[in-house]
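The values are calculated or read from the model by the stated rules, or taken from the named source; none is laboratory data. The model shown is predicted, which means the values in this text are computed figures rather than measured ones. A quick note on method: Cβ atoms are made from the backbone with ideal geometry, for glycine too, and the neighbour counts reach across all protein chains shown.
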2 protein chains.
Amino acid sequence: MQEFSNQQLLEMEARYRAIFINSLGGFKSVLLVGTRSQAGQENLAIFSSFFHIGANPALCGLIVRPDVSPRHTLQNIVETGFYTLNHLHEGIYQQAHQTSARYALDESEFDKTGLTPTYKTDLPAPFVAESRVQLGCELVQKIDLEINGTIMLIGKIIYVQVPDESIAEDGFMDLEKAGSLTCSGLDSYHKTERIARLAYAKPDKSPTII
Amino acid sequence: MQEFSNQQLLEMEARYRAIFINSLGGFKSVLLVGTRSQAGQENLAIFSSFFHIGANPALCGLIVRPDVSPRHTLQNIVETGFYTLNHLHEGIYQQAHQTSARYALDESEFDKTGLTPTYKTDLPAPFVAESRVQLGCELVQKIDLEINGTIMLIGKIIYVQVPDESIAEDGFMDLEKAGSLTCSGLDSYHKTERIARLAYAKPDKSPTII
């Protein structure tokens, strides 16, 4: 085993540390965030900082760095109050990754990568037509994390699309049936293979595969 | 495709919605959080709400529900200021899941599940000896999310253990070499298979596998 002290972490070269630290927490959600400015300019950006906050109401979080490419995403979400979350699958992961290139403000990552914007209900933000799992979100809170200058957005999920027959009887959505991917670090994409679902754990019961 | 409006999401039965909404964001980090109370009582709890906040300093977040089993975790972290994050692999995922059972406050999930507490450096919180990837964290900020009563903990990573030869030349830690798992929903565990790492994206370059 290899160990690193706080001091060793602090002394790492900046790019090396960014890649290393980003890998450490394990596999991550990876999503395309679709937005549109008030002037009508569409934007698409890949994020791996999604996290679940609660189911009732359905709330989720995203961490945004104000100083990098997704800043257009942040501007658009704050301006309009809405955004979409779109899952990756193996057919679009390269295009999804390409959205992280620093395109100019008047260029749309949809045009540049060949992904297709699509609109639904009254939501004023584009979904990715090629994505099988699509979520529509309304911004409900923005929290500035002064500790490192990042911003946390809390969104309420107000629209969901999932593939037919991907929902189990108890509400579980089978991400593997949808072909959804996971990522690690800043640039590694993975498919998955289920080991098992386990029954709700109780103190007097052994773990049980369901 | 199957669609759900905001109204349909609101009308779902509570348990069904919890399972459904928890599945929607995609695959998640899954970690065992090790803590110890000031009185010396050890605690271990499984979390799937880890997220990366920044690499310099190395900061990560966790969402904690104050009303469920991990409340001991929350108390201990606030009391002592320290906790550990330990990856799951296929050999321990059932024991890891079992830590979510509602054991009494004076029972240790280590004892109940057969996982082994171990201590390193000066960190006053137990690591899981069976875990290959282990992170030591110091609490740096606690934010109450009033919107649903959950609590966000921001930790600084101050110690890292990873398996030998799992770190690439650029700092990337290969989670598959460590056998780390991912989870979806509340109870589904998955192994992964890398599709590719992609080069840093640039506007004038096509996506490139590295």
- Query: When residue A:63 is evaluated against the numbered criteria (1) farther than 23 Å from residue B:200 by Cβ; (2) surrounded by 15 or more Cβ atoms within 10 Å (Cβ to Cβ); (3) among the β-branched types (Val, Ile, Thr), which criterion, by number, is the only one it fails?
  - Reply: (1)
- Item | Among residues of the range A:1-20, those that are more than 8 Å from chain B (Cβ to nearest Cβ) and of a type in the set (S, T, N, Q), counted | 2
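If you take the residues in the range A:107-139 that are among the polar types (S, T, N, Q) and assigned to a loop (DSSP other than H, G, I, E, B), which one is farthest from the other protein chains (Cβ to nearest Cβ)? Give the steps one after another, and end with the answer.
Pass one, the range A:107-139, residues among the polar types (S, T, N, Q): A:108, A:113, A:116, A:118, A:121, A:131, A:134.
So of that shortlist, the ones also assigned to a loop (DSSP other than H, G, I, E, B) come out as A:108, A:116, A:121, A:131.
Working: A:108: 12, A:116: 15, A:121: 7, A:131: 11 Å.
It comes out as A:116.
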- Query: Is it true that residue B:195 is surrounded by fewer than 22 Cβ atoms within 10 Å (Cβ to Cβ), of a type in the set (Val, Ile, Thr) and facing chain A (nearest Cβ under 7 Å)?
  - Reply: yes
- Determine if the range B:44-56 includes at least one residue that is at pLDDT below 95, at the interface with chain A (Cβ under 7 Å from one of its Cβ atoms) and over 11 Å from the mean Cα position of the chain (by Cα). yes
- (1) among the polar types (S, T, N, Q); (2) at the interface with chain A (Cβ under 10 Å from one of its Cβ atoms); (3) in contact with a helix residue (DSSP H, G or I) (Cβ under 9 Å, 6 or more places away or on another chain): which one isn't true of residue B:23, the others all being true? (3)
- Taking the range B:8-35 only, how many residues are farther than 18 Å from residue A:133 by Cα, within 17 Å of the chain's Cα centre (by Cα) and not aliphatic (A, V, I, L, M)? 3
- Identify all residues within the range A:92-106 that are facing chain B (nearest Cβ under 7 Å) and more than 21 Å from residue B:197 (Cβ to Cβ); write none if there are none. A:103
- Task: Could you list all residues from the range A:148-177 that are at the interface with another protein chain (Cβ under 7 Å from one of its Cβ atoms) and out of contact with any strand residue (DSSP E or B) (no Cβ under 6 Å at 6 or more places or on another chain)?
- Result: A:163, A:170, A:171, A:172
- Query: Within the range B:127-155, which residues are surrounded by 15 or more Cβ atoms within 10 Å (Cβ to Cβ) and acidic (Asp, Glu)?
  - Reply: B:130, B:138
- Task: Would you check which residues across the range A:6-50 are surrounded by 15 or more Cβ atoms within 10 Å (Cβ to Cβ), assigned to a helix (DSSP H, G or I) and among the aliphatic types (A, V, I, L, M) and list them?
- Result: A:9, A:18, A:19, A:21, A:24
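Return the only residue of A:170, A:122 being touching a helix residue (DSSP H, G or I) at 6+ places or on another chain (Cβ under 7 Å) and surrounded by fewer than 17 Cβ atoms within 10 Å (Cβ to Cβ).
Only one candidate qualifies: A:170.
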